[in-house]
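Below: the structure, in structure tokens.
The values are calculated or read from the model by the stated rules, or taken from the named source; none is laboratory data. The structure presented is a predicted model; accordingly, all values stated were derived computationally and were not measured. FYI the Cβ positions are ideal-geometry reconstructions off the backbone, even for glycines, and counts take in every protein chain you see.
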Ligand code: XBP
Ligand code: MG
């Protein structure tokens, strides 16, 4: 891929902008089960397995088909799942409003650096759009959704990650080719989706995705880091940090290779 100057950064949300799954989405799913009188409980380990399925509705469908087959045959499945997911999303948005889910280290710093340098920002996520706005509003303040020129989220595309559809959609909306962008992801599903759209990808893994296959990532770090609180590089060219503690804009320019 012949690279152009770096023009845009495209961010995944769950697990990348913030560690939302264990103490956010998982808890909201369990509250929704209680709402409809079900004693189902998605523990931390079971949820880690279910996370292999992108999309909350798709994850519920997988769970019902594989763990609650008898119950699944007793309901109109798609209607039941849609209602359960509506309840879950309401709980998740409420949970975000408590401020319990913060952005990961370095995320706000890098977003502000990119904005100051005139780079364009976009989001490519499987999660529901309302969740994106709630996460950003509660962490970066009202109106911060507007920092992102494109919010490619949830059901806007037919196939969810690891399919590349959501990144193709973001690139189309940006009017850019992959050579002018970098993607940020946290999971194997995510990097397969981004690379499927031709994007070079930086991985910030988390407890749920540590050890997954990030083959082909431009850089694999434990987080973006902050001055004085260095990131740890697990794969890729650590030299791009050039002595810095963190993944900052100069590091991205060096990684991208064309200034
Ligand atoms: C992660 C997902 C989402 C969330 C739950 O999205 O797969 O489905 O787990 O959100 P990404 P919903 O890593 O692409 O941000 O219940 O709204 O799907
Ligand atoms: Mg993710």
Across the range 166-204, the tally of residues that are out of contact with any helix residue (DSSP H, G or I) (no Cβ under 8 Å at 6 or more places or on another chain) and within 13 Å of ligand 1 (Cβ to nearest atom) stands at 10
Just one listed residue, out of 170, 194, is buried (at least 21 other Cβ atoms within 10 Å of the Cβ), under 13 Å from the mean Cα position of the chain (by Cα) and modelled with pLDDT of 95 or more, and it is 194
Report yes if some residue within the range 60-68 is surrounded by fewer than 20 Cβ atoms within 10 Å (Cβ to Cβ), over 23 Å from residue 224 (Cα atoms) and touching a residue at least 60 places away in the same chain (Cβ under 8 Å); otherwise report no. no
Qualifying positions in the range 93-106 - touching a helix residue (DSSP H, G or I) at 6+ places or on another chain (Cβ under 8 Å), crowded, with 19+ Cβ neighbours inside 10 Å and not in a helix (DSSP H, G or I): 101, 103
Can you tell me which of 172, 109 is touching a residue at least 60 places away in the same chain (Cβ under 8 Å) and away from ligand 2 (no atom under 13 Å from the Cβ)? 109
Selection count where residues are within 15 Å of ligand 1 (Cβ to nearest atom), in a helix (DSSP H, G or I) and either free of Cβ contacts under 8 Å to residues at least 40 places away in the same chain or farther than 21 Å from residue 83 by Cα (or both), scope the range 1-40: 4
Check 90, 122, 72 and return the single one that is surrounded by 15 or more Cβ atoms within 10 Å (Cβ to Cβ), modelled with pLDDT of 95 or more and in contact with a strand residue (DSSP E or B) (Cβ under 7 Å, 6 or more places away or on another chain). 122
Out of curiosity, is residue 109 surrounded by fewer than 18 Cβ atoms within 10 Å (Cβ to Cβ) and either assigned to a helix (DSSP H, G or I) or out of contact with any helix residue (DSSP H, G or I) (no Cβ under 9 Å at 6 or more places or on another chain) (or both)? no
Has the range 234-251 got at least one residue that is modelled with pLDDT of 95 or more, assigned to a strand (DSSP E or B) and closer than 15 Å to residue 122 by Cβ? no
Close pairs from the range 84-105: first in contact (Cβ under 8 Å) with a residue 12 or more places away in the chain and farther than 15 Å from residue 138 by Cα, partner in a loop (DSSP other than H, G, I, E, B) and within 12 Å of ligand 1 (Cβ to nearest atom), Cβ under 9 Å, at least 6 apart: 85/128; 89/128
If I filter the range 45-55 for residues that are surrounded by fewer than 18 Cβ atoms within 10 Å (Cβ to Cβ), away from ligand 2 (no atom under 16 Å from the Cβ) and in contact (Cβ under 8 Å) with a residue 12 or more places away in the chain, do I get at least one hit? no
